Every structure is written in structure tokens, then in C-alpha cells.
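Read the structure below first, then the notes.
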Amino acid sequence: MLRLGANPILMKNLKRRLHDGETLLGCFLNLGSPLTAEIMGRAGFDFAVIDLEHGSGAETDVLSQLQALEATDAGVIVRVESHERQRAHRVLDLGAEGIMFPRVDSAPEAAAAVAGLRYPPEGVRGVAAANRACSFGGSFREYVEAAPSTLLGVVQIESESALAAVDDIAAVDGVDVLFVGPMDLTASLGILAQFDHPRYGEALATVSAAARRHGASLGVLMARPEDFDRYHALGFRFIACGSDGTLLNAGARRTMELLAAARSRSTAGV
């Protein structure tokens, strides 16, 4: 339970939990809805990723989703559209606990991305006190001092170029999580959605080895809960599965299948 006036970002510390070796389970939010965000948060996920890259929600929808998730146990990461500085610091000021950067193909790109998480002189994030992350000025000093050990930098490995540079990317200070994007990575390797293909297995092993060498955590978006053992055995500890949109779609279709089958049986019996 958050104490009155507490900064919620300082209470859920995903970064510390990963550092301590905990396995965190999460989901994606791609509908832009605070109601489905709250439903996912109340389901018990450790983290939720608000998806501004592929999701239907816009940057203006982030605030309502953050507010919806605040009273749940889920820490909130925002996947931005690019690693431009303003894309990161706008959602950080709203109260995101970390940023996921897509399409990072080199160490210089990774360094530019995570610089947006840090205030000068270490980074390039703009300094402002009267924002939601700082309790509108009420916890500015506390937030600034805690940010380096609290805000999570997640870099996606989702191309053949990124795979070739993954050791250098993992060595960049501030890259806390190497997050594999299975669909994009297999597409780049010419084996779209062939997750049992040897080349994909080799790619996972390469990313895992780089993370171990440099002390980064490993993340992935799984297609099915049944894939958990495979990724966990390779060292993945920041594991997402499903989204509000895909789960709603699957549940709605399954319910309709059952209803249609019942209707057919009833009609056949008339």
C-alpha cells in the first residue's frame, strides 16, 4: 500500500527487483484504454508495457493508463516510437518507470537512447520539477536522486544488425534489459515466426551470452505461456506474454465459438 504523498515510481522498483534476480511477468497494452490497462494491472502482472510503437493509443493516452495502473502492483514501462530525446522525457515526466526503445541496432544508438533517461551531466533529459513524476514538485529532490537506480532502460534486440552488435550494446552503461522482439528478429533473419528454427535458437543464445558478460537482464515477449520454461532456462527474467488487445480478441472469439456450437446443437435437436 502506498503511503499518502508517496511517489509511486519509487515504490515498485522493477530495476532493483531484476538486479536481485527476481523473475518479473508482464504484458503489453496496445488498446490505449485506461480500463483495459486497469484490468491487466489487477490481474497481477508485475509490469505493463504501454505500446506507442504498434499500439492504437497515442502519447496523449499514456497519462490515463498510468493513473489506472497506479493502484495496482504493475510497474509501467512505455515503449516509445523512437529514441529521440523528447519521446522519452515526456512520458518519464508523466511517471513511467522506464522506457523500452525499439529498433536499436548499434551501441551508439543504445547510448543515445539511454541518455534520455538521465539528467545532465550524465544524460540529456530535460530537468523539470512541476510534473507528475515529481509529485508536481513535492518530491523533486527525492525523484532526481532515486532516478539512476530506479528508472529502467530497456533496449530491443530485433534485427540482424542488432544481433551482430549485441555485445557492444549490452556493454553500454544504462542498458538494463536486452529485450528480444521475436517477430521482428525472426523476420530480419529470414525465418518469420519460425521460433523453433535453429537460427532463432542461436540468436537467443547469443543475446543471453552478451547479457551475462555485461550484467544486463534479459527480456522477451512470448507468444504463449507454455514458452516460459524455454526462455527462463536461457536466463530471461523480464518476461511478457499477451496484451489487452490479444487477450480480449482470444476471449471473445473463444466465447463466440462455444456459443455458436451450442446454437448448432440446439438447432439440430429441434
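The values are calculated or read from the model by the stated rules, or taken from the named source; none is laboratory data. What you see is a predicted model; the values in this text were computed from it and never measured. Methodologically, a virtual Cβ is constructed for each residue, glycine included, from the backbone with ideal geometry; neighbour enumeration extends over all protein chains shown.
Quick look at the values:
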| read-out | value |
| --- | --- |
| Residue list for region 230-270, restricted to those being farther than 26 Å from residue 29 by Cα and either surrounded by 15 or more Cβ atoms within 10 Å (Cβ to Cβ) or among the charged types (D, E, K, R) (or both) | 263, 265 |
| Condition met for residue 146 (surrounded by fewer than 20 Cβ atoms within 10 Å (Cβ to Cβ), in contact with a helix residue (DSSP H, G or I) (Cβ under 6 Å, 6 or more places away or on another chain) and more than 21 Å from residue 103 (Cβ to Cβ)) | yes |
| Pick from region 209-261, criterion of a type in the set (Gly, Ala, Ser) and in a strand (DSSP E or B), ranking: nearest to residue 173 (Cα to Cα) | 217 |
| Residue that is farthest from the chain's Cα centre (by Cα), among those in region 39-51 that are over 15 Å from residue 95 (Cβ atoms) and crowded, with 17+ Cβ neighbours inside 10 Å | 40 |
| Verdict on residue 113 being over 24 Å from residue 191 (Cβ atoms), outside any loop (DSSP other than H, G, I, E, B) and touching a helix residue (DSSP H, G or I) at 6+ places or on another chain (Cβ under 8 Å) | yes |
| Residue list for region 135-190, restricted to those being β-branched (Val, Ile, Thr) and not in a loop (DSSP other than H, G, I, E, B) | 144, 150, 154, 155, 157, 166, 169, 177, 180, 186 |
| Residue 206 vs. criteria over 17 Å from the mean Cα position of the chain (by Cα), assigned to a helix (DSSP H, G or I), touching a residue at least 24 places away in the same chain (Cβ under 8 Å) and surrounded by fewer than 16 Cβ atoms within 10 Å (Cβ to Cβ) | yes |
| Qualifying residue in region 76-93 (condition: buried (at least 23 other Cβ atoms within 10 Å of the Cβ), small (Gly, Ala, Ser) and modelled with pLDDT of 95 or more) | no |
| Some residue of region 187-202 being touching a helix residue (DSSP H, G or I) at 6+ places or on another chain (Cβ under 9 Å), more than 14 Å from residue 23 (Cα to Cα) and crowded, with 21+ Cβ neighbours inside 10 Å | no |
| Residue count for region 123-169, restricted to those that are within 30 Å of residue 192 (Cβ to Cβ) and of a type in the set (Val, Ile, Thr) | 5 |
| Subset of region 12-38 (residues that are over 27 Å from residue 212 (Cα atoms) and either at pLDDT below 95 or over 14 Å from the mean Cα position of the chain (by Cα) (or both)) | 31, 32, 33, 34, 35, 36, 38 |
| Residue match in region 96-103 (condition: crowded, with 19+ Cβ neighbours inside 10 Å and either out of contact with any helix residue (DSSP H, G or I) (no Cβ under 9 Å at 6 or more places or on another chain) or without any contact (Cβ under 8 Å) to a residue 40 or more places away in the chain (or both)) | yes |
| Restricting region 44-96 to residues that are part of a strand (DSSP E or B) and among the charged types (D, E, K, R), the residue that is nearest to residue 134 (Cα to Cα) | 79 |
